[in-house]
Amino acid sequence: MLTIRPDIHAALQEHKPVVALESTLISHGLPYPLNLETAQALEQAVRDGGAQPATIGVGHGVPMIGLDEPALMRFVGREGIRKLSRRDLGAAVAQAADGATTVAATMALAHLAGIAVFATGGIGGVHRGARESWDVSADLGELSRTPVLVVCAGAKAILDLPATLELLETLGVPVVGYGCDELPAFYSTTSGLPLTIRANTPAEVARIWHAHLQYGGGSGLLVCVPPPPEVALPRATAEAAIERALSTAKTNHIRGAAVTPFLLAAMECETTGESLRTNIALLRNNASIAAQIAVALVEEATDA
Ligand code: PSU
Ligand code: MN
């Protein structure tokens, strides 16, 4: 069971470009009222890019492709909103819960609805210290088995980026640098980790995606876009703040699904709000590029 909002349903029927957006960043990633402004700005960025936005979440147990106004208001209020990864979808539906979907769960629902392109900020990945904690985001497993094109600024820099990149390779997930040769580090434009695939235009990404669907064995694909340079944090600044945020998390014994939201909030304190400004700017940028890619996918499908 899936509820597709009528405007999104019409766009899908007419083979128009559609871009999925996630809701965990609304309920667990950003504070109110910035989360509301950002949710609206992301939808607008997708529209300005010529595509139909579809913000995904589970409202009172119903997987919604396109949140309605009451659901969006509950989600920005954050109170009582579960964080749903793929494994949590069934329980949320059965228990009629409200739940914001992570990258993993959003990919799953987008694919069920027939949406191929999805924009987010940074995906989850291998956490630092995963050798002891075994904390590896389900986003990676989902990317290995669900054919959705995810536009992001790399994995969140609070993670172990080299390990995340290695695991993406193991899982058969192509990582495409959009106008760049290095994995972006979410808050910063570079990570020092080289990528093997680069694409410079939406049309080039569209061609790679269509070929990947033939040969990729059903996996997703990551398109990594560096944060806009004017809001990117210098790597050393970001890294120092991350170290402090990680040590606060350790002192407070934060574990499991709470780790990522805790670290994002701690980063905001450590950078006196700068990380938040970067996060929001890169989200908008990713939404806009995802829209251009969705448009290119439709154009290429029509050409073929
Ligand atoms: N990127 C952001 N803000 C976020 C997230 C990503 O800019 O809040 C969320 C995504 O929904 C991602 C999740 O799927 O964090 C990863 O959580 P975990 O590490 O618990 O899998
Ligand atoms: Mn985790």
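The values are calculated or read from the model by the stated rules, or taken from the named source; none is laboratory data. Given the structure is predicted, the values throughout are model-derived calculations rather than measurements. Accessible surface areas use protein heavy atoms only, side chains included; no ligands, DNA or RNA. Shrake-Rupley method; radii C 1.70, N 1.55, O 1.52, S 1.80 Å.
Data overview
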quantity: Accessible area expressed per residue, the stretch 1-115, with surrounding protein chains retained (probe 1.4 Å, Å²); calculated: 41
quantity: Whole-percent carbon and sulfur share, accessible surface of the chain, 1.4 Å; calculated: 55
quantity: Of the DSSP H helices in the chain, those whose Cα atoms cover at least 18 Å axially and whose Kyte score averages -1.0 or more; calculated: 34-48, 202-215, 235-251, 274-303
quantity: Selected from Ile115, Ile158, Ile254 as most flexible by GNM, with the chain as the system and alpha-carbon contacts under 10 Å; calculated: Ile254
quantity: Other-chain or far-sequence residues with amide H under 5 Å of Ile65's (modelled H); calculated: Thr3, Ile4, Arg5
quantity: Antiparallel %, DSSP beta bridges [both residues in the stretch 120-304], to 5; calculated: 25
quantity: Amide proton proximity set for Gln52, modelled H, under 5 Å, gap of 5+; calculated: Val18, Val19
quantity: Angstrom value of the Kirkwood radius, inverse mean 1/r, which spans all Cα pairs in the stretch 1-115; calculated: 13.7
quantity: Hz values of 3J(HN,Hα) by residue in the stretch 115-120 - Karplus curve (6.51, -1.76, 1.60), Gly and Pro given as x; calculated: 9, 9, 10, 9, 10, 9
quantity: GNM top mover of Ala157, Ala206, Ala91 - the chain, alpha-carbon springs below 10 Å; calculated: Ala91
quantity: Average accessible area per residue (Å²) across the stretch 120-304 - probe 1.4 Å, nucleic acids and ligands excluded; calculated: 44
quantity: Radius of gyration and maximum dimension Dmax of the chain, Cα, Å; calculated: 17.7, 57
quantity: Distance from the stretch 1-77 to the stretch 108-125 (C-alpha centre basis), Å; calculated: 12
